[in-house]
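Engineer: Here you go, one structure.
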Amino acid sequence: RMWRRVWVTCARCARVARSVVVERTLTESMATAAPGLTPEMVAAIDKLADFKVKNGEQFEALIRNKQRDNPTFAFLFDEASPGYAYYHRKVQEYTQAGLAALPAPGTMPPAPGTMPPAPGTMP
(Lines give C-alpha, C1' and ligand atoms only; values in the text may rest on other atoms or scores of the structure.)
Protein backbone atom coordinates (compact mmCIF):
# COMPACT_ATOMS: atom_id res chain seq x y z
CA ARG A 1 0.00 0.00 0.00
CA MET A 2 1.42 3.33 -0.97
CA TRP A 3 1.25 6.32 1.35
CA ARG A 4 0.86 9.72 -0.17
CA ARG A 5 3.02 12.56 0.98
CA VAL A 6 1.50 15.30 3.05
CA TRP A 7 2.92 18.76 2.52
CA VAL A 8 2.98 20.77 5.73
CA THR A 9 4.24 24.31 6.19
CA CYS A 10 5.42 23.91 9.78
CA ALA A 11 8.81 22.17 10.01
CA ARG A 12 7.92 20.50 13.32
CA CYS A 13 4.63 19.23 11.90
CA ALA A 14 6.43 17.91 8.83
CA ARG A 15 8.78 15.83 11.02
CA VAL A 16 5.80 14.34 12.84
CA ALA A 17 3.96 13.61 9.58
CA ARG A 18 7.03 11.91 8.10
CA SER A 19 7.54 9.78 11.22
CA VAL A 20 3.91 8.63 11.15
CA VAL A 21 4.19 7.66 7.48
CA VAL A 22 7.46 5.81 8.12
CA GLU A 23 6.02 4.03 11.16
CA ARG A 24 2.92 2.91 9.24
CA THR A 25 5.02 1.80 6.29
CA LEU A 26 7.40 -0.20 8.50
CA THR A 27 4.56 -1.84 10.40
CA GLU A 28 2.81 -2.84 7.19
CA SER A 29 6.04 -4.02 5.56
CA MET A 30 6.84 -6.16 8.60
CA ALA A 31 3.42 -7.77 8.44
CA THR A 32 3.72 -8.52 4.73
CA ALA A 33 7.43 -9.40 4.71
CA ALA A 34 7.19 -11.84 7.60
CA PRO A 35 3.69 -13.27 7.92
CA GLY A 36 3.23 -15.25 11.10
CA LEU A 37 5.84 -13.27 13.05
CA THR A 38 5.15 -10.72 15.73
CA PRO A 39 6.70 -7.25 15.44
CA GLU A 40 8.95 -8.17 18.39
CA MET A 41 10.20 -11.27 16.56
CA VAL A 42 10.81 -9.26 13.40
CA ALA A 43 12.81 -6.70 15.39
CA ALA A 44 14.88 -9.44 17.07
CA ILE A 45 15.54 -11.19 13.76
CA ASP A 46 16.50 -7.91 12.06
CA LYS A 47 18.94 -7.10 14.85
CA LEU A 48 20.47 -10.58 14.86
CA ALA A 49 20.87 -10.52 11.07
CA ASP A 50 22.58 -7.14 11.28
CA PHE A 51 24.94 -8.36 14.02
CA LYS A 52 25.74 -11.54 12.07
CA VAL A 53 26.70 -9.53 8.99
CA LYS A 54 28.85 -7.17 11.08
CA ASN A 55 30.45 -9.84 13.31
CA GLY A 56 30.54 -12.98 11.16
CA GLU A 57 29.52 -16.61 11.42
CA GLN A 58 31.14 -16.96 14.85
CA PHE A 59 28.57 -14.55 16.27
CA GLU A 60 25.67 -16.68 15.04
CA ALA A 61 27.34 -19.82 16.43
CA LEU A 62 27.71 -18.09 19.81
CA ILE A 63 24.04 -17.09 19.82
CA ARG A 64 23.00 -20.60 18.83
CA ASN A 65 24.95 -22.04 21.77
CA LYS A 66 23.90 -19.48 24.39
CA GLN A 67 20.26 -19.05 23.36
CA ARG A 68 19.34 -22.67 22.58
CA ASP A 69 16.50 -22.68 25.15
CA ASN A 70 15.30 -19.13 24.43
CA PRO A 71 12.02 -19.17 22.46
CA THR A 72 12.93 -15.84 20.85
CA PHE A 73 15.73 -17.59 18.94
CA ALA A 74 13.85 -20.84 18.19
CA PHE A 75 13.75 -19.87 14.50
CA LEU A 76 17.49 -20.57 14.27
CA PHE A 77 16.85 -24.26 14.86
CA ASP A 78 13.64 -24.76 12.85
CA GLU A 79 14.25 -24.55 9.11
CA ALA A 80 10.50 -24.83 8.44
CA SER A 81 9.61 -21.75 10.50
CA PRO A 82 8.81 -18.44 8.82
CA GLY A 83 11.42 -16.81 11.07
CA TYR A 84 14.19 -18.98 9.63
CA ALA A 85 13.42 -17.93 6.05
CA TYR A 86 13.00 -14.29 7.07
CA TYR A 87 16.31 -14.35 8.97
CA HIS A 88 18.26 -15.71 6.02
CA ARG A 89 16.62 -13.22 3.66
CA LYS A 90 17.60 -10.33 5.99
CA VAL A 91 21.19 -11.63 6.28
CA GLN A 92 21.39 -11.67 2.49
CA GLU A 93 19.90 -8.15 2.22
CA TYR A 94 22.29 -6.74 4.84
CA THR A 95 25.26 -8.48 3.23
CA GLN A 96 24.41 -7.04 -0.19
CA ALA A 97 23.82 -3.59 1.29
CA GLY A 98 27.19 -3.77 3.07
CA LEU A 99 28.98 -4.83 -0.10
CA ALA A 100 27.34 -2.01 -2.03
CA ALA A 101 28.61 0.48 0.56
CA LEU A 102 32.24 -0.66 0.21
CA PRO A 103 34.53 1.36 -2.06
CA ALA A 104 35.65 -0.17 -5.32
CA PRO A 105 38.90 -2.17 -5.16
CA GLY A 106 41.95 0.05 -5.48
CA THR A 107 40.08 3.22 -4.49
CA MET A 108 40.45 2.87 -0.74
CA PRO A 109 43.10 5.11 0.83
CA PRO A 110 46.13 3.34 2.31
CA ALA A 111 46.11 2.44 5.97
CA PRO A 112 47.73 4.92 8.36
CA GLY A 113 51.48 4.48 8.59
CA THR A 114 51.78 2.75 5.20
CA MET A 115 52.14 5.87 3.07
CA PRO A 116 55.65 6.92 2.07
CA PRO A 117 56.88 10.13 3.70
CA ALA A 118 56.18 13.35 1.85
CA PRO A 119 59.07 14.72 -0.23
CA GLY A 120 61.42 16.87 1.83
CA THR A 121 60.46 15.32 5.18
CA MET A 122 62.48 12.94 7.25
CA PRO A 123 61.18 9.40 7.75
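The values are calculated or read from the model by the stated rules, or taken from the named source; none is laboratory data. No experiment lies behind these values; they were computed from the predicted model shown. The accessibility values were calculated without ligands, DNA or RNA, using every heavy atom of the protein model including side chains. Shrake-Rupley method; radii C 1.70, N 1.55, O 1.52, S 1.80 Å.
Engineer: Under a 1.4 Å probe, what is the accessible area of segment 43-100 per residue, stated in Å²?
Structural biologist: Heavy-atom accessible area per residue stands at 63 Å².
Engineer: Could you give the length gained by full extension between GLN96 and THR72, i.e. 0.36 nm per residue of separation minus their alpha carbon distance, to one decimal place?
Structural biologist: Between GLN96 and THR72, full extension yields an extra 6.1 nm.
Engineer: Shifting gears a bit: What part of the accessible area of segment 50-95, given as a whole %, is carbon or sulfur when the probe is 1.4 angstrom?
Structural biologist: On segment 50-95, the fraction of accessible area on carbon and sulfur atoms equals 51 percent.
Engineer: So how much slack lies between ALA80 and THR38, counting 0.36 nm per residue of separation and subtracting their Cα-Cα distance, in nm?
Structural biologist: Result for the pair: 13.4 nm of gain on full extension.
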